[in-house]
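Heads up: the structure comes next, in C-alpha cells.
The values are calculated or read from the model by the stated rules, or taken from the named source; none is laboratory data. All of these numbers come straight from a predicted model, not from anything done at the bench. A quick note on method: Cβ atoms are made from the backbone with ideal geometry, for glycine too, and the neighbour counts reach across all protein chains shown.
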C-alpha cells in the first residue's frame with residue numbers, strides 16, 4: 001500500500017499577496033482563480049493567510065472603519081489571520097487532518113526547511129483524497145450535524161448573524177413549505193458586491209407603483225432600494241445526497257460538482273456533509 005504524503009495532494013504554485021494590498025485585490029484574485037484563500041508574504045516568508053470567510057464576516061461589521069471605507073482602501077492585513085500554521089511536504093495525510101481538526105482551519109501553507117512556501121493544502125484536497133479510497137462507509141456514519149437553515153426572503157444581515165451564531169459557513173435556503181431550494185456559502189457572501197450606495201450592506205432597486213386610490217388607476221412609478229435577500233445570492237438548483245448513500249460516492253459527487261458541502265436528505269433536511277466530516281473520518285482510519 002502506497003502511503004501518501006502532503007506533497008502528493010498539495011496545490012502549487014500558491015497565490016500570494018502582500019499584507020498592504022487591498023481587500024478588493026484579494027477578493028478579485030479569489031474570484032478570478034476560483035480559490036478560497038491567499039497566503040500573505042513579507043520578506044519572502046509567510047506571515048498570514050486570508051480566506052473567503054475572513055472577508056465575508058466583515059460584511060456586517062458596524063465599526064466606522066468598515067462602514068465608510070470601500071474595500072479598495074482597506075489593507076488585507078486588517079482581515080488576515082496572523083497565527084499562521086504551516087506543514088512540511090513530507091508530513092502524512094493524518095497529520096494534516098489532525099492539524100485542521102485541532103485548530104479548526106481549512107487550509108495550510110506547505111513550507112520547506114527554510115520556511116519558504118512551496119504549496120498549499122486545503123480541505124478540498126482531503127475531500128479528493130477521501131473520494132479515491134475504497135472503504136465501506138455510509139453518509140450516516142460520518143456524524144452529520146444539523147444544517148443551519150434560512151428562508152429565501154431572509155436578508156444578508158440575518159444570514160450572516162445565523163452563520164456566525166452557529167459557527168458555520170453555509171446554510172440551506174428553504175421555501176415556505178420547508179423545501180430546500182438553494183444553499184449559501186462563504187463564496188456567495190464574499191463575491192456579492194460588498195457595499196451599497198451608502199456604504200451599508202448591498203441592496204437592490206425595484207420598481208414600485210403608486211395609485212391615486214386603492215381601486216384607482218396607476219399614477220406613477222418610482223424606484224425603491226431594498227436589502228438583498230437569500231434568493232438573490234444563493235446557489236441553485238441545490239444538489240443533495242441521501243443519508244443512506246455511500247460516503248465515498250458522496251465525496252466523489254462533491255469533487256465532480258466542485259462543491260464542498262452537500263445537504264443530506266433523510267426525513268427532511270438531516271444536515272450538511274462537509275470537509276469537516278470527512279477530516280474526522282480520516283482521523284479514525
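Observations, loosely collected:
- Residue 253 being in a strand (DSSP E or B), more than 22 Å from residue 155 (Cα to Cα) and modelled with pLDDT of 90 or more: no
- In the set (1) farther than 14 Å from residue 272 by Cα; (2) at pLDDT 85 or above; (3) part of a strand (DSSP E or B), residue 178 fails one condition alone, (3).
- Flag if residue 20 is assigned to a loop (DSSP other than H, G, I, E, B) and either at pLDDT 90 or above or touching a strand residue (DSSP E or B) at 6+ places or on another chain (Cβ under 6 Å) (or both): yes
- Here the condition is being more than 26 Å from residue 162 (Cβ to Cβ) and at pLDDT below 80; of 60, 72, it holds for 72 alone.
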